[in-house]
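Engineer: What follows is a structure written as structure tokens; I'll ask about it next.
Read-outs throughout are calculated quantities, based only on the coordinates presented, and are distinct from any laboratory measurement. Note that the coordinates shown come from a computational prediction; the quantities given were computed from them, not determined experimentally. Virtual Cβ from ideal backbone geometry, glycine too; neighbours counted across all protein chains shown.
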Protein chains: 2
Amino acid sequence: MVFLSERSRNTPPSPIRRLSRFAREAKARGVLPYALNIGQPDLECPASFQEGVLQAASRHIEYAPSEGFLSFREAWAEWCERELAVSTDPDHYLVTVGASEGLVFLFTTCCDPGDEIIIFDPTYANYMGFAEQTGVRLVSLSSRFEDGFQLPEPETIRKHITSRTRAILLCNPNNPTGVLYGEEEVQRLLDLCHRYGLYLLLDETYREIVYDQQPITSALKFATEDPHVVVVDSLSKRFSLCGARIGTLHVPSPELREKILSLAQARLAAPTLEQQAAEHMLRTLPPGSLEALRGCYQARRDCLLTALQEKGSAAGISCCSPSGAFYLLAKLPVENAEEFARFLLTDYQHEGRTVFLSPAKGFYSIPGSGEDEVRIAFVLQEDSLRHAVEILVEGLSAYRS
Amino acid sequence: MVFLSERSRNTPPSPIRRLSRFAREAKARGVLPYALNIGQPDLECPASFQEGVLQAASRHIEYAPSEGFLSFREAWAEWCERELAVSTDPDHYLVTVGASEGLVFLFTTCCDPGDEIIIFDPTYANYMGFAEQTGVRLVSLSSRFEDGFQLPEPETIRKHITSRTRAILLCNPNNPTGVLYGEEEVQRLLDLCHRYGLYLLLDETYREIVYDQQPITSALKFATEDPHVVVVDSLSKRFSLCGARIGTLHVPSPELREKILSLAQARLAAPTLEQQAAEHMLRTLPPGSLEALRGCYQARRDCLLTALQEKGSAAGISCCSPSGAFYLLAKLPVENAEEFARFLLTDYQHEGRTVFLSPAKGFYSIPGSGEDEVRIAFVLQEDSLRHAVEILVEGLSAYRS
């Protein structure tokens, strides 16, 4: 028998990808699931990214610098300035292989094994995988469906800070709840971090995807030079570039940046072509393109909420209205939402269609939480969303009978 | 003050990239260094990769599956079959972000913090970074310049196996020595691994780059289904695709594969475009293209060896002739080769040129080893290599006087 490390045995398979096999099998049977399970936008990426790829395609595909191309980091800083009206230093950014790699770098440099990071349940499921992988203990404070997933009071958070606490990690807007935390809430967390010498790690992957004309929240706006703050980012969602695997870390602390750079040097570099193509995209993006993106997702959110209220309420489905990102958590009248999600893929169809949902349990690290909830990603067109809700309601009725 | 983890404080900056700043400063002064420091081939990648990029460029850049596209893994298995006459199962491969990510996955799944991996000094410097990052203790057995860097006897290796030993890691052909280990030597290591329940991790990044018509060594040929064996691979060197960041792991053990897949799922995916472009490349690569590559590097090796013998011997430089990869270790008549390498960048020039070498110390994990050695990457054309040796010899004379 071969040895398997304890940490790898403890790393959970992705709750988002766990049911994929059943979806593939459904397709093989001729049943097409509406993919509401994964944050894979159906929208096209900007045309200028494709142009950038065509321009960059050459026969010299050399290593990028470990910290990322300076010209890409300059283009990124300029783009942030245009969008957020903040001036950031290109040298404070490190380019990573998606936000994922950036988070693993942070868990590794901010924590030794056994050290703690405070998170707010429910949140991005893969934080748990990164924590197992790096030996970090996540201390989860729950935010509740019934309260619209608001953050706990600073006093409650304070009680969970120990001598091993190194950071507070917030995904904002939050995946899977779609809650947007405002500047004051982030500032309250930052005050705690200052008081106790912690890092505030802000995953701003969905930053510009906010609804109802709310202002964008970003620590880049008010803590640009704060050595306690790291902003984690990614091209994946706002530019529909999930497969490009380009993220950034904004790290004002020179000491921390140097340590992350050592890890980055060991893995050599992030992909070259995508940095070059994204640089071209960022420099030539027409103004207002994110406005259009927000409008599109907001219309989908509204359509989904309406469908859920009209058809779902009577069937016992409740949900919180998201103020950002493109996810919504729904509470279903079932005991085990994962079993129901599997049922939809394995034992149900309506005229050749079914629905692929993400059980929300995987986004909670407090055991027993979210058992009756699912995450719905509104990454399909409105007609599809309406039809998917109809199928969900009918599937629910079939499941319960 | 912000906290920095002990493991990040212990992660060494890349010895290969540490002097880069001085090279940039030399360039800024108008002194152009011959870049013999980094394994960045100057050769073009296959034209079919560029074609593949142009074909794959689209406005839908979606996540690849976490294990990599099946069609890419099939193309890779077919290509391995053509090159090595072995049949491998596409489902035994996992696609990684370069060999680097594959190695971090292996260190994490094969070892818990404090567990040990046996390596042979000198070897690829970044193994040390990966070990610090993952809490793995590298147990280094030295191989000696004077013996042509042959592996220790099995009996010597056996004495270093403890209850915490999980694996033996071999880079073959080895970076930085250029030594190719034959099938019998690998088999001897495998016998030990079977006897003590260890993994044999084989980094075959340079597999096809071997000289003098020697047969290619690959564990894929004789341990295809062995659950103790993992072959780590990368497109970077043999296809001059360093910036593509695509590697593979061949993992026959279903249990280990499942655990690596959980880590792979947490980071979502390797880049999409490069997998698609590389698939096209692998399917359309003209026969004999690696033969041409070997011929090119062999001519460079011979040119470098001749220049070092003709000009370098009298100056006190000695070296081992590499049988694979594109590196050569040279012993210099200096006490501190790093100081000399820095001198060449900061205080020396010959008609506007100098030489950028990698101090070999960073490739040794046994302290005090390799202090007077440098690694020379022969990734330049023959005229440049000859000129670089002349400058090296003159620089040496200037340094010593």
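Engineer: Only residues that are out of contact with any helix residue (DSSP H, G or I) (no Cβ under 6 Å at 6 or more places or on another chain), within 22 Å of B:MET128 (Cα to Cα) and touching a residue at least 60 places away in the same chain (Cβ under 8 Å): list them for the range B:339-360, please.
Structural biologist: B:ALA341, B:SER358, B:ALA360
Engineer: Of everything in the range A:220-237 that's more than 20 Å from A:LEU273 (Cβ to Cβ) and free of Cβ contacts under 8 Å to residues at least 60 places away in the same chain, which residue is surrounded by the most Cβ atoms within 10 Å (Cβ to Cβ)?
Structural biologist: A:VAL231
Engineer: Then there's this: Is it true that B:VAL179 is under 18 Å from B:SER140 (Cβ atoms), touching a residue at least 60 places away in the same chain (Cβ under 8 Å), more than 10 Å from chain A (Cβ to nearest Cβ) and within 22 Å of the chain's Cα centre (by Cα)?
Structural biologist: In short, yes.
Engineer: Same structure again: Among the residues of the range A:133-149, is there at least one that is within 14 Å of A:CYS171 (Cβ to Cβ) and of a type in the set (S, T, N, Q)?
Structural biologist: Yes, the range A:133-149 has at least one match.
Engineer: Residues that are closer than 17 Å to A:THR248 by Cβ, more than 13 Å from chain B (Cβ to nearest Cβ) and in contact with a helix residue (DSSP H, G or I) (Cβ under 9 Å, 6 or more places away or on another chain): find the helices (runs of 4 or more DSSP H) completely inside the range A:34-153 holding 2 or more of those.
Structural biologist: By residue number, A:70-84.
Engineer: Which of the numbered conditions does B:ALA23 fail, given that it passes all the others? Conditions: (1) more than 7 Å from every other protein chain (Cβ to nearest Cβ); (2) outside any helix (DSSP H, G or I); (3) in contact with a helix residue (DSSP H, G or I) (Cβ under 7 Å, 6 or more places away or on another chain).
Structural biologist: Condition not satisfied by B:ALA23: (2).
Engineer: Another question, then. Of everything in the range A:198-241, what is in contact with a Gly (Cβ under 8 Å, 6 or more places away or on another chain), among the charged types (D, E, K, R) and more than 20 Å from A:ASP89 (Cα to Cα)? Give them in sequence order.
Structural biologist: Within the range A:198-241, just A:LYS237 meets the criteria.
Table: residues versus (1) out of contact with any strand residue (DSSP E or B) (no Cβ under 9 Å at 6 or more places or on another chain); (2) hydrophobic (A, V, I, L, M, F, W, C).
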residue	(1), (2)
A:TYR206	no, no
A:VAL210	no, yes
A:THR217	no, no
A:PHE222	yes, yes
A:GLU225	yes, no
A:SER236	no, no
A:PHE239	yes, yes
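Engineer: Hey, among A:GLU74, A:GLU51, which residue is acidic (Asp, Glu) and more than 25 Å from the chain's Cα centre (by Cα)?
Structural biologist: Result: A:GLU51 is the single residue among A:GLU74, A:GLU51 that is acidic (Asp, Glu) and more than 25 Å from the chain's Cα centre (by Cα).
Engineer: While we're on this one: Quick one: in the range A:163-176, of everything that is within 14 Å of chain B (Cβ to nearest Cβ) and in a strand (DSSP E or B), which residue is surrounded by the most Cβ atoms within 10 Å (Cβ to Cβ)?
Structural biologist: A:ILE168
Engineer: Does B:CYS303 satisfy the condition of being under 23 Å from B:ASP121 (Cα atoms), surrounded by 18 or more Cβ atoms within 10 Å (Cβ to Cβ) and under 24 Å from the mean Cα position of the chain (by Cα)?
Structural biologist: When the stated conditions are applied, B:CYS303 does not pass them.
Engineer: Is it the case that A:GLU25 is within 23 Å of the chain's Cα centre (by Cα), farther than 30 Å from B:ARG18 by Cβ and surrounded by fewer than 20 Cβ atoms within 10 Å (Cβ to Cβ)?
Structural biologist: No: the conditions fail for A:GLU25.
Engineer: Related question: Filter the range B:241-268 down to residues that are at the interface with chain A (Cβ under 7 Å from one of its Cβ atoms), assigned to a loop (DSSP other than H, G, I, E, B) and touching a Pro at 6+ places or on another chain (Cβ under 7 Å), then give me how many there are.
Structural biologist: Summing the residues that are at the interface with chain A (Cβ under 7 Å from one of its Cβ atoms), assigned to a loop (DSSP other than H, G, I, E, B) and touching a Pro at 6+ places or on another chain (Cβ under 7 Å) in the range B:241-268 gives 2.
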